[in-house]
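Written below as structure tokens is the structure these notes are about.
Coordinate-derived values only; no laboratory data. A quick note: this is a predicted structure, and the numbers were derived from the prediction, not measured. Cβ coordinates were reconstructed from backbone atoms using ideal geometry, including for glycine residues, and neighbour counts include every protein chain displayed.
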């Protein structure tokens, strides 16, 4: 399983590189989730204060909610039904135990909303930052992977992009973000129901959740599927909060919408049912032979995408 | 499911307290592992620099190995066969990427030794400490829980205790620990094979792995099983490195031997086969009606155990 380009991805690939196929494991490191032979789906997502968020940006409940939602979004990416979650939490000795309760209240709110009850966890002291690591477990009879995109497929996105990245930009600049932008960052909505709906109808050939930014995440699909993805800049659906800011839509990250590939005719067959159930769906590009990601500008000129989305080792916060 | 006494346990119980039974979940928070209805067994264990270890005590490989082994020990406690693990790793931006490779080399060494291949993970920047969180997945047809101990059972331990705690005490005092003590701390051996052997023969009525110290972990069994456990001080098997230091055997922690309860006649039936396969087994006490843990001293006098093992919020490293 290949990962996309970029320094962080290279590191992850190297760190997680396994010793080859293992018994009972259908999909190992490199996709949004690991998939066991019996359809058990697993993923883990680490949230650390001053790396993934600053405390001034979020309430304690938001910190817990967001950590859980972001991890659940990996289950959505694979079209898995949530079964439950395990949560590791670390807070400093100086802090009131109420901080842990508030964070866990947010975790449990997301857990209840998405049907992923708390199965267990670990609580320890942190030498400083709040640390929340959420491992999610799900089931998928037909998991959708990153690796199934085929030339001729179109590329689809389940919602408008850039609002959460707009909030982060505002936070860093010291400007209070608009309410919708703040909410997009603090309360991401994993697209569990949407993914299940699509997978039940056999729509997606490949799928990912948008955590790094549309272009960077499309690069993951392109690499895993051994194809090229062309995104049309005029078709990238920008949230009202990100109007005119194509960079936020392409590279902002933290959207947690689904991006999937599927032929036009398949999507067309289900489009009105989808719109009745969920509303928005955007066609943002095409899958072609080749590799990597290109952006087609408003004049029809193609630009190779060199970025790699958000890199925790290069970027801020 | 009840947990034992003590501040940390109270916090964990409150944090993890769930909203009641969930579909598909056989055992929720409070045991060593969560158990799903299909026999999938899950646990998670967070290791943080300057909380669980200091960098001067361990090589980078040891840090990874120990984090993985400690989490695998939870699978042993439930008599589960390892299926795989997910690892979240955070290292600071200032550190060489080689640090992550070395830590993951240790993780992979433990993963290979115990048949728990790396299924996936997350890599992020840390604002300071090394953070390694390991979620383990296993299978158990007949998981052994903390809650099955019955009055009349005896209490058994699979190896000698106190060596790892001796090493920690020496490290803190600035004294280089003896080689065996250092190895007990840096390379704990999860008793996966021993647990499987015992469970296959239906020996244990309840089981736990010794992470907090014999007395504190016995208190978990006592609370979950609604019984009293009496430990005989003269029968606590102390490692050569901990000779004369009963406190290290009772409350030192980090032993990762199994402690289980079972009637004498059942253990007696299998004892010579056990000795042939694994060597050591120690009878350390008895299960009686009541609650809590008591220590019987060399004069036959009982002392209620008030401690609660290692509390990350109270103790050092």
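Taking 0.36 nm per residue of separation and subtracting the Cα-Cα distance, what length does fully extending residue A:200 through residue A:226 add? Don't skip to the answer; put the middle values down first.
Working: separation 26, 0.36 × 26 = 9.36 nm, distance 2.49 nm.
Extra length from residue A:200 to residue A:226 when fully extended: 6.9 nm.
Need one number: the % of Cα-Cα pairs in chain A sitting beyond the 32 Å mark.
23 percent
Could I have the simple spin-label model distance between residue B:269 and residue A:289, label points 7 Å from Cα toward Cβ, reported in nm to one decimal?
It is 6.9 nm.
Average partner chain C-beta neighbours within 10 Å, per residue of A:78-90?
The shielding value for this peptide is 5.
Using alpha-carbon pairs under 8 Å, 6+ residues apart, how would you state the relative contact order of the stretch A:146-304 in percent? Mind showing how you got there, number by number?
Values: 349 pairs, mean separation 65.1, N = 159.
Worked out over the stretch A:146-304, it gives 41 percent.
For residue A:37, go 7 angstrom from Cα along the Cα-to-Cβ vector, then report the distances to that same point in the other copies in nm, smallest first.
The projected label point of residue A:37 is separated from its counterparts by 2.3 nm.
Using a ≥ b ≥ c from the Cα gyration tensor of the stretch B:37-173 (square roots of the eigenvalues), is it rounded, prolate or oblate, where a/c under 1.5 gives rounded and otherwise the larger of a/b and b/c decides, a/b for prolate?
oblate
Need one number: % antiparallel among DSSP beta bridges in the protein assembly as shown, to the nearest 5.
70 percent
From the Cα gyration tensor of the stretch A:100-248, with a ≥ b ≥ c the square roots of its eigenvalues, which class applies: rounded if a/c is under 1.5, or else prolate if a/b is larger than b/c, or else oblate?
Oblate is the answer for the stretch A:100-248, as a/c is 1.5 or above yet b/c matches or exceeds a/b.
With both partners inside chain B, how many of the DSSP beta bridges are antiparallel, as a percent to the nearest 5?
Of all bridge pairs located within chain B, approximately 70 percent are antiparallel.
Along the Cα-to-C-beta direction of residue A:112, a point sits 7 Å from the Cα; which residues of the stretch A:26-66 have their amide N less than 18 Å from that point?
A:60-66
Just checking the output field for A:98-110: average partner chain Cβ neighbours within 10 Å of each residue's Cβ?
2
What residue among A:27, A:157, A:107 has the largest mean-square fluctuation in a Gaussian network model of chain A, using Cα springs under 10 Å?
Answer for the Gaussian network model of chain A: A:27.
Sequence gap at least 6, Cα distance under 8 Å: using those rules, report the relative contact order of chain A to the nearest whole percent.
Taking the mean separation of contacting Cα pairs over the length of chain A, I get 22 percent.
Can you give me the Cα centroid spacing of the stretch A:26-60 and the stretch B:161-192 in angstrom?
A separation of 33 Å, based on Cα centres.
Shortest first and in nm with one decimal, please list how far the residue A:226 label point sits from its counterparts in the other copies (point 7 Å along Cα→Cβ).
6.0
If you average the C-alpha positions of the stretch B:74-145 and of the stretch A:219-275 separately, how far apart do those two centres end up, in angstrom?
33 Å
Considering only DSSP beta bridges where both residues belong to the stretch B:34-139, give the percentage that are antiparallel (nearest 5). Provide the component values of the computation, followed by the final result.
Values: 20 of 29 bridges.
Percent antiparallel among DSSP bridges in the stretch B:34-139 is about 70.
Which of rounded, prolate, oblate describes the protein assembly as shown, given a ≥ b ≥ c as roots of the alpha-carbon gyration tensor eigenvalues and a/c under 1.5 marking rounded, otherwise prolate only if a/b is larger than b/c?
prolate
If each DSSP helix of 4+ residues adds -39,500 (n - 2.57) and the sum is divided by the residues in chain B, what number results at 222 nm, nearest 500 deg cm²/dmol?
Theoretical 222 nm ellipticity from helices: -10500 deg cm²/dmol.
How shielded is B:25-31 by partner chains, expressed as the average number of their Cβ atoms within 10 Å of its Cβ atoms?
Mean partner shielding for this stretch: 3.
Find the relative contact order for the stretch B:34-139 and round it to a whole percent, using C-alpha pairs within less than 8 Å whose residues are 6+ positions apart. The partial results should precede the final answer.
On the way: 205 pairs, mean separation 47.1, N = 106.
Across the stretch B:34-139, relative contact order equals 44 percent.
Go ahead and set up a Gaussian network model of chain B, Cα springs under 10 Å, then flag whichever of B:291, B:272, B:43 fluctuates most.
B:272
Quick one: which of B:282-289, B:129-136, A:28-35, A:142-149 comes out on top by average Cβ neighbours within 10 Å, and what's the full order, highest first?
B:129-136, A:28-35, A:142-149, B:282-289
Using 0.36 nm per residue, how much length does the chain from residue B:93 to residue B:278 gain when fully extended, once their Cα-Cα distance is taken away?
62.1 nm
Taking a label point 7 Å from Cα toward Cβ, how far is residue B:240 from its twins in the other copies, in nm, shortest first?
The projected label point of residue B:240 is separated from its counterparts by 7.6 nm.
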